[in-house]
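Asks: Handing you this structure, nothing more for now.
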Amino acid sequence: MSNDGTPQWGQPGGDQQQGQPGSGEQPGYGQQPEYGQQPGGYGQQPGYGQQPGYGQQPGYGQQPYQQYAHPYVGGYPQLAQPIPVGPDGVPPLWAPWYGIGFLDAFLRFFKKYARFDGRAGRSEYWYWFLANAIVTIVLYGGFIALLIATSPSTTVVDDYGYSRDVSGAPSPFAFVLLGLFVLWWLATLVPNLALAWRRLHDANLPGPLWLVSLIASPAAIVFGCLPSSPAGAQYDRPDLR
């Protein structure tokens, strides 16, 4: 400073305290910037471990934002494909018929006699189960009823005073019903297995899994109640008309 109090070039003035940086100057090592001042000049990159300021781009190797996981980890849900129908509103034999009626389920059972491909809905399965139960009750139940009704036992006393029960001959019609029941069971053996195969396909399960019900019979009820799965369309064979 000169004798008249005017600061010379490069020296701080009297109003400016020593040790404080001027406008646009960087504070020294260990010094904190004044209130309202930015720690660095415009366009400067932050030091190691510092976060970039507003509007600044992150340095090389830094992640600009956090990556979020995809909400569908296993992929997008599979949507059900529409079931084709003919001019009469009936699906082809290779396709399942959801909401089928009792009579149509009975007829469709024999139309798809030995088709192990494709699918079968719960209505198609349980309506046939009901029809088969009715036929079984009529034939086999009728055989048992006639066997009991037409074979009464009578008590016979021999010459020595001993009594014994003697059963009469059963009605020939009872054996007719038994023969019809055996024929029915043989005629529906293969289509019953095929329908069970298709029921599991409709739940997107392999058909041979039905063999478990031969060991554990309640499994047949569980398999019949399984909901339909759109993924079961992989078992359809549209080329087989």
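The values are calculated or read from the model by the stated rules, or taken from the named source; none is laboratory data. This structure is a prediction, so every number in the text was calculated from the model and none was measured. Every residue, glycine among them, receives a Cβ derived from its backbone with ideal geometry; neighbour counts consider all protein chains shown.
Asks: Please go through region 198-219 and give me each residue that is part of a helix (DSSP H, G or I) and either within 16 Å of the chain's Cα centre (by Cα) or surrounded by 11 or more Cβ atoms within 10 Å (Cβ to Cβ) (or both), ordered by number. Let's see the steps before the verdict.
Replies: At the first step, the residues of region 198-219 found to be part of a helix (DSSP H, G or I) are 198-202, 207-214, 218-219.
Within region 198-219, Arg198, Arg199, Leu200, His201, Asp202, Gly207, Leu209, Trp210, Leu211, Val212, Ser213, Ala219 qualify.
Asks: Could you list, in sequence order, the residues of region 122-158 that are of a type in the set (Ser, Thr, Tyr) and modelled with pLDDT under 95?
Replies: So in region 122-158, the residues of a type in the set (Ser, Thr, Tyr) come out as 123, 125, 127, 136, 140, 150-151, 153-155.
Selection gives Thr150, Ser151, Ser153, Thr154, Thr155.
Asks: While we're on this one: So, of the residues in region 220-241 that are over 11 Å from Phe116 (Cβ atoms) and aliphatic (A, V, I, L, M), which turns out to be surrounded by the most Cβ atoms within 10 Å (Cβ to Cβ)?
Replies: Taking region 220-241 as the starting set, the residues that turn out to be over 11 Å from Phe116 (Cβ atoms) are 220-234, 236, 238-239, 241.
If we keep only those that are aliphatic (A, V, I, L, M) too, we end up with 220-222, 226, 231, 233.
On the way: Ala220: 17, Ile221: 10, Val222: 11, Leu226: 15, Ala231: 11, Ala233: 19.
Taking the candidates together, the pick is Ala233.
Asks: Now for a separate question. If a residue must be closer than 15 Å to Tyr125 by Cα and either more than 12 Å from the chain's Cα centre (by Cα) or charged (D, E, K, R) (or both), how many such residues does region 220-234 contain?
Replies: First, the residues of region 220-234 that are closer than 15 Å to Tyr125 by Cα: 220-228.
So of that shortlist, the ones also either more than 12 Å from the chain's Cα centre (by Cα) or charged (D, E, K, R) (or both) come out as 220-225.
Residues that pass the stated criteria total 6.
Asks: Sticking with this structure for a sec: Out of all the residues in region 123-141, is one or more in contact (Cβ under 8 Å) with a residue 24 or more places away in the chain, in contact with an Asp or Glu (Cβ under 7 Å, 6 or more places away or on another chain) and either hydroxyl-bearing (Ser, Thr, Tyr) or buried (at least 19 other Cβ atoms within 10 Å of the Cβ) (or both)?
Replies: No - not one qualifying residue is present in region 123-141.
Asks: Based on what the data block shows, is Leu189 modelled with pLDDT under 90 and of a type outside the set (Val, Ile, Thr)?
Replies: no
Asks: When region 176-191 is examined, which residues are found to be of a type in the set (Val, Ile, Thr), surrounded by fewer than 17 Cβ atoms within 10 Å (Cβ to Cβ) and closer than 17 Å to Phe129 by Cβ? Lay out the reasoning, then the answer.
Replies: Of the residues in region 176-191, the ones of a type in the set (Val, Ile, Thr) are 176, 182, 188, 190.
Next cut, surrounded by fewer than 17 Cβ atoms within 10 Å (Cβ to Cβ) only: 176, 182, 190.
Answer for region 176-191, where residues must be of a type in the set (Val, Ile, Thr), surrounded by fewer than 17 Cβ atoms within 10 Å (Cβ to Cβ) and closer than 17 Å to Phe129 by Cβ: just Val190.
Asks: So which residues in region 220-241 are touching a Leu at 6+ places or on another chain (Cβ under 9 Å), in a loop (DSSP other than H, G, I, E, B) and at pLDDT 90 or above?
Replies: Answer for region 220-241, where residues must be touching a Leu at 6+ places or on another chain (Cβ under 9 Å), in a loop (DSSP other than H, G, I, E, B) and at pLDDT 90 or above: Leu226, Ser229.
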